[in-house]
Amino acid sequence: MADILSSSRRIRLADGERLIEAGQDNHYLFLLVDGLMEARLTGDASHSGMPIAPGEAIGEMSVLDGQRTSAHVYSVGESDVLAVHEDDFWRHLAPIPGVMRNLTRLVTHRLRLNSERMIRTFEEQLRIEHFKKELATAHDIQMGLLPHHDPLFPRHRQVDVHAYLLPAKEVGGDLYDAFAIDDEHILVAVGDVSGKGMPAAMFMMRTLTLLRAHGNGKEPCDRLMPTLNRLLCDGNEANMFVTLYIAVLSVHTGRLVLFNGGHPAPLLSRQGGPFEAVTGAKGALLGMIPEVAYRCHEITLSAGDRIVLYSDGVTEAENPAQEMFSQARTQATLDDSPRDDSMQGLVISLTQGVTDFAAGAEQSDDITILGLRYLGQNAPATG
């Protein structure tokens, strides 16, 4: 044993220092004298590995079978290691009774642990894949609930309406809707549910369902927002909430009734002029306090007037420098769009403006835009 100690090297490793690199030739059996080490299948420190305690051997597999190393080994904190050359191992240690048996037990134990780890990893991957499939299905269901037909109001020649939703995650919380109440009145809305992922998507679907059930003309217009708020508060143990902006238009007169539940104010352009915020309608977000009063705001649109509803994912979109797109940039982008452009073109222009500004930076919020142009009572029929 004295010959082995005299011919072996003592290695002192700092925290995070690598002792063995996977895929390399190795001719040493390392014995951990003091400290703690970790064997990892990858060099990524964020992935946890197999702990190695004092008294355990390292690199034994490559010494036994002559193959290259199969794992990275790093020091966790400071460690003290004894490096025994493979020639000394076979000449002096292997013949000692019990050494090979103990080493075989160690190898078998590690193989078993590695197999169990691989099984757990495989099971986790299966769970992740299953969850991804569920998210994809939920995304398809969620997007399928939104109106996508073009035009959105084929029987109402007096309006040109287009909407677009870009979720930041596979399942988001933004929403929009557009449907006819009757031959004279149409409803458009944009909302933003708190949070992200599956809970936000479920609350978004609930909001859409209630909006369509109570926004079909059976509910008095001035009671629509209070009714939605009260119903969204019922059974809301998760304390989710939604900001919501609703606009009801009389296509014959241009009378537009606006309701705001804590949502960013829409932007209005009169006769091709600059876009400005419509600030008259105010109210609290929906889903938190059952009894809240909501005040409507009325304006009258003339032929050629345009109004844009959007979520804060537009104004709060960030570029790599963490600067926000802002309402000022939103208005400037809309002002720069052609005055005679369709609402589809206007929405595409704003979406492209946000995308160009973000310059590839990952967005933390959904982006939703809905544009409406009033063409007037005497607008010609299309198609």
- Note on the structure: Reported set for region 231-251 where residues are over 29 Å from the mean Cα position of the chain (by Cα) and not in a strand (DSSP E or B) is Val251
- Query: Residue check: is Ala277 closer than 29 Å to Gln158 by Cα, among the hydrophobic types (A, V, I, L, M, F, W, C) and surrounded by fewer than 16 Cβ atoms within 10 Å (Cβ to Cβ)?
  - Reply: yes
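Limited to region 211-224, what total is found for residues that are surrounded by fewer than 18 Cβ atoms within 10 Å (Cβ to Cβ), assigned to a helix (DSSP H, G or I) and not charged (D, E, K, R)?
Restricting attention to region 211-224, the residues satisfying the condition of being surrounded by fewer than 18 Cβ atoms within 10 Å (Cβ to Cβ) are 212-214, 216-223.
This time we only want the ones that are assigned to a helix (DSSP H, G or I), so: 212-214, 221-223.
After this cut, where a residue has to be not charged (D, E, K, R) as well, the list is 213-214, 221.
Selection size over region 211-224: 3.
State all residues of region 297-312 that are over 14 Å from Ala277 (Cβ atoms), buried (at least 18 other Cβ atoms within 10 Å of the Cβ) and either not assigned by TED's automatic domain parsing to the domain that holds Leu268 or not aliphatic (A, V, I, L, M) (or both); if no residue qualifies, say none. Can you show your working first?
Our first condition is that a residue be over 14 Å from Ala277 (Cβ atoms); within region 297-312, this holds for 298, 300-305, 311.
Filter once more, keeping what is buried (at least 18 other Cβ atoms within 10 Å of the Cβ): 301, 305, 311.
Within region 297-312, Asp305, Ser311 meet the criteria.
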- Message: Suppose we keep only residues that are over 27 Å from Ala303 (Cα atoms) and touching a Leu at 6+ places or on another chain (Cβ under 9 Å) within region 325-383. Which one would you say is surrounded by the most Cβ atoms within 10 Å (Cβ to Cβ)?
- Response: Ile367
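Report yes if Asp15 is farther than 26 Å from Glu124 by Cβ and over 43 Å from the mean Cα position of the chain (by Cα), otherwise no.
Details: farther than 26 Å from Glu124 by Cβ: yes; over 43 Å from the mean Cα position of the chain (by Cα): no.
It is false that Asp15 is farther than 26 Å from Glu124 by Cβ and over 43 Å from the mean Cα position of the chain (by Cα).
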- Query: Restricted to region 267-288, and to residues that are in contact (Cβ under 8 Å) with a residue 60 or more places away in the chain and assigned to a loop (DSSP other than H, G, I, E, B), which residue is nearest to the chain's Cα centre (by Cα)?
  - Reply: Gly287
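State which residue is farthest from Pro167 (Cα to Cα) when the search covers only region 312-339 and only residues that are charged (D, E, K, R) and without any contact (Cβ under 8 Å) to a residue 40 or more places away in the chain.
Narrowing region 312-339 to residues charged (D, E, K, R): 312, 316, 318, 323, 329, 335-336, 339.
Filter once more, so that each one left must be without any contact (Cβ under 8 Å) to a residue 40 or more places away in the chain: 323, 329, 336.
Working: Glu323: 20, Arg329: 21, Asp336: 25 Å.
Only one residue tops the list, namely Asp336.
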- Query: Is region 368-378 home to any residue that is out of contact with any strand residue (DSSP E or B) (no Cβ under 9 Å at 6 or more places or on another chain) and not small (Gly, Ala, Ser)?
  - Reply: yes
- Note on the structure: So, first residue in contact (Cβ under 8 Å) with a residue 24 or more places away in the chain in region 17-31, second residue among the acidic types (Asp, Glu), Cβ within less than 7 Å, six or more apart or across chains; the pairs are His27/Glu86; Tyr28/Glu86; Leu29/Glu60; Leu29/Glu86
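Checking the conditions here, which among Ala83, Ala39 is at pLDDT 75 or above, buried (at least 19 other Cβ atoms within 10 Å of the Cβ) and touching a strand residue (DSSP E or B) at 6+ places or on another chain (Cβ under 6 Å)? Outline the logic, then answer.
Numbers: Ala83 fails: buried (at least 19 other Cβ atoms within 10 Å of the Cβ).
Only one candidate passes the filter, namely Ala39.
The values are calculated or read from the model by the stated rules, or taken from the named source; none is laboratory data. Not measured: the values here are computed from a predicted model. Neighbour counts are summed over all protein chains in view; Cβ atoms, including those assigned to glycine, are modelled from backbone coordinates with ideal geometry.
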